[in-house]
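I have placed the structure first, in the form of structure tokens, so that the comments after it can refer back to it.
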Amino acid sequence: MSEPQIAADTRPWRDPARQPFIEIRNITKRFGDFTAVNDVSLGIHRGELFCLLGGSGCGKSTLLRMLAGFETPTEGAILIDGQDMGRVPPDRRPTNMMFQSYALFPHMTVEKNVAYGLLREGMSRREAYARAAEMLKMVKLESFGRRKPHQLSGGQRQRVALARALIKQPKVLLLDEPLGALDKKLREETQFELIRIQETLGVTFIVVTHDQDEAMTLATRIGVMRDGVIEQVGEPREIYENPKSRFVADFIGSVNLFEATVEAAAPDMMRLACPDAGGAVLVPPQTGLTRGQTVWGALRPERITLSRDRPDSARNVLRGTVEDVGYVGHMSTFRVVLDTGRMIRVTEPNNLREGKPISWDERVWASFRPEAFKVLTE
Amino acid sequence: MTGRGWVLPMAVVFGFVFLYAPIISLVVFSFNESRLVTVWGGFSTRWYGELLRDRQILNAAWVSLKVAFWSANLAVIVGTLGAFVLVRMGRFFGRLLLTGMITAPLVMPEVITGLSLLLLFVSMELTLGWPAGRGLTTIIIAHTTFCAAFVAVIAQSRLRDMDESLEEAARDLGAGPVRVFFDITLPVITPALVSGWLLAFTLSLDDLVIASFVSGPGASTLPMVIFSKVRLGVSPDVNALATIIIGIVTIAVLIVGWMLRKQARAGR
Ligand SMILES: Nc1ncnc2c1ncn2[C@@H]1O[C@H](COP(=O)(O)OP(=O)(O)OP(=O)(O)O)[C@@H](O)[C@H]1O
Ligand SMILES: [Mg+2]
């Protein structure tokens, strides 16, 4: 009874009646005749950790800068907590931003940098510096408070910038590539720290990244951007399992893409003609497809199973030769050249296989379930 | 290769001789005992003593220092504001005109600058009653205008180099625009402003032409006095004076160089 209630509460975006905390309404930003952000509409809820994901130059920073108030939208409106931000200057907005370039004040010590926001709020020096020391401890820089920014390494600077953006505990935190310069271990620790802050303080995060693993780990939802447009918004799983377009499928994780034509719709299965895969592929029936239509199929490498003997039960089976095997610890990646000449990638966990592992130049069967072959119309 | 072996040292020697020979001979002759400028009469500091007893020169030196000090201060303020408006305020009405005007004194012949300022002061006196007569005030104003141009150029280039996101970050953390200017912008460009100040100070100390146009009775700057003295014949105490000025200028230049180096290191 109460189960769906909780689910709805922790995932407010699933309830269309809920008013989002941040509303981005048809935002467009042009620089001269170049459109950096093109008619983006987005609702982000209180306490979310929203990741903006996309390639370099697709307009992520520009969107963030409009939220912070450094760029004025050419068209459209931004509402935070129901308030139109149109005429609100950056220093009056309930947002704090961590800059891609860190933007540490070079003439101030690390602790003064971090305490600056609190001092501007009118907090006493002693209290502000005490809080700054706490923040610095959190980012593991407690002994660096007296240094100037130019005496720090890139990763240390990044952590100072993070501490400075977090210290005021604003309603909305905008982070532009917050973890790019950190090593793997520190990065994972900081990721969990971010999640902890988000959960304990209820701060709404918008994080820009072009690292899809990071987005997958951190985000409550992900918005995938391309050329100033948001291609898809969804929970990480949704984006991964049901990408709406070839771009999203390709951008999130690795994927094997096939071109195919709709052939016939049987009552329980639909047949696609896929010359690259060496014939017909069976997929679950879907609405909105017409006979003869060209579609794309996205097949995740981990959804494919390799075997030496032809599996009896599988409905989609391809024949090929292993060209390359890569060992990545917990799993192996295979490059298999199908008899059609098409190369596919397959990954398999290493605990699965008993006996002699499949190796170079072996003839194999690659099988997958009908649901694994995601049909994309774009 | 063999050619380069002696061409380079020759060029260096030639350059140094060309640049410094006049200065060195001047410094050497300032310690000359003899009254005749061209005859060496043995070492003495006699002319430095005479210099200290020459009320006219001491007065002029004092005027020059006052003028240089105040016009350097004012030039830094005016030049910084001008540079800030041009670099940070984006596009506004009259921007191009201001760009042209602020750098005009750099390329304008001094005679024209001096003459136009003189005309301005005269007509201002006639219509507004201020500045009453010409003297210290008018020289300071005149020097401020042309020194401000140099400061503006230096400040502009520093502002352009400065990462604008520093100012944005301060805004983001709750500082208003004025606060940001004093907390962030000003400290970051301070080394440039200090060198601008020193440059303005030396330029003002050097100037003869503009000062001659806009000065009045009782307000003669050092270059004006030296120039009028030399026209009556070179006297050794002028050499002594010049040596002192060279000393001051050298120290100023060294300080500017040191500041710029420090700034380059911190800006990394
Ligand atoms: N002030 C500006 N004037 C002109 N063009 C701009 C300006 N700022 C950004 N752009 C352009 O807008 C586009 C989007 O820039 P933006 O900084 O938002 O990219 P991004 O998605 O953050 O990329 P990255 O991942 O490399 O940081 C880029 O093509 C950029 O050249
Ligand atoms: Mg960016």
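Some values worked out for this structure:
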read-out: Helix A:184-201 vs. chain A, principal-axis angle (Cα, 0 to 90°, nearest 10); value: 70
read-out: Selected from A:PHE144, A:ALA163, A:ALA115, residue furthest toward positive end of dipole (the stretch A:109-169; charges at beta carbon); value: A:PHE144
read-out: Assigned charges on the beta-carbon of Lys, Arg, Asp, Glu; chain B dipole about Cα centre (debye); value: 240
read-out: Karplus (6.51, -1.76, 1.60) ³J(HN,Hα), θ = phi - 60°, over the stretch A:106-120, in Hz, Gly and Pro reported as x; value: x, 8, 10, 5, 4, 5, 5, 3, 5, 7, 3, x, 6, 4, 5
read-out: Rounded to 10°, Cα long-axis angle of helix A:154-166 versus longest principal axis of chain A; value: 70
read-out: The stretch A:248-320 shape via C-alpha gyration tensor axes, a/c threshold 1.5; value: oblate
read-out: Chain B: angle of helix B:95-107 to the longest principal axis, Cα-based, in degrees nearest 10; value: 10
read-out: Mean-position separation - Cα centroids, the stretch B:1-68 and the stretch A:46-103, in angstrom; value: 63
read-out: Options B:TRP197, B:ALA148, B:ALA75, ranked by Cα towards positive dipole end of chain B, top entry (Cβ charges); value: B:TRP197
read-out: Average beta carbon contacts from partner chains per residue of B:156-167, 10 Å cutoff; value: 3
read-out: Difference of contour (0.36 nm per residue) and Cα-Cα distance, B:THR190 to B:VAL12; value: 60.6 nm
read-out: Charge tally in the Cβ shell below 15 Å around B:GLY114, where Lys, Arg are +1 and Asp, Glu are -1, B:GLY114 excluded; value: -2
read-out: Chain A: proportion of alpha-carbon pairs further apart than 26 angstrom, %; value: 61
read-out: Relative packing of A:129-141, A:155-167, which averages over residues the other C-beta atoms within 10 Å, highest first; value: A:155-167, A:129-141
read-out: Top positive-direction residue, dipole computed over the stretch A:254-376 with Cβ charges, set A:ALA372, A:ASN350, A:GLN293; value: A:GLN293
read-out: Chain A - mean residue ellipticity at 222 nm from DSSP helices (-39,500 (n - 2.57) per run, n ≥ 4, rounded to 500); value: -7000 deg cm²/dmol
read-out: Fluctuation leader among B:THR145, B:THR38, B:THR103 - chain B, Gaussian network, Cα springs under 10 angstrom; value: B:THR38
read-out: The stretch A:122-197 versus the stretch A:210-230: alpha-carbon centroid distance in Å; value: 23
read-out: Fluctuation leader among A:LYS244, A:LYS112, A:LYS184 - chain A, Gaussian network, Cα springs under 10 angstrom; value: A:LYS184
read-out: Calculated on alpha-carbon atoms, Rg and Dmax of the protein assembly as shown in Å; value: 36.9, 122
read-out: DSSP beta bridge pairing in the protein assembly as shown, given as percent antiparallel to the nearest 5; value: 75
read-out: Amide H within-cut-off set for A:LEU376, under 5 Å, with H built and near neighbours excluded; value: A:TRP296, A:GLY297, A:ALA298
read-out: Simple Cβ-charge dipole of the stretch A:217-304, Lys/Arg +1 and Asp/Glu -1, about Cα centre, in debye nearest 20; value: 80
read-out: Cβ neighbours within 10 Å from other chains - mean over A:90-100; value: 4
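Readers should treat all values here as calculations from the given coordinates under stated rules, not as data from a laboratory. Please read all numbers here as calculations on a predicted model, not as lab measurements. Here Cβ is always computed from backbone atoms with ideal geometry, including for glycine, and neighbour counts include all displayed protein chains.
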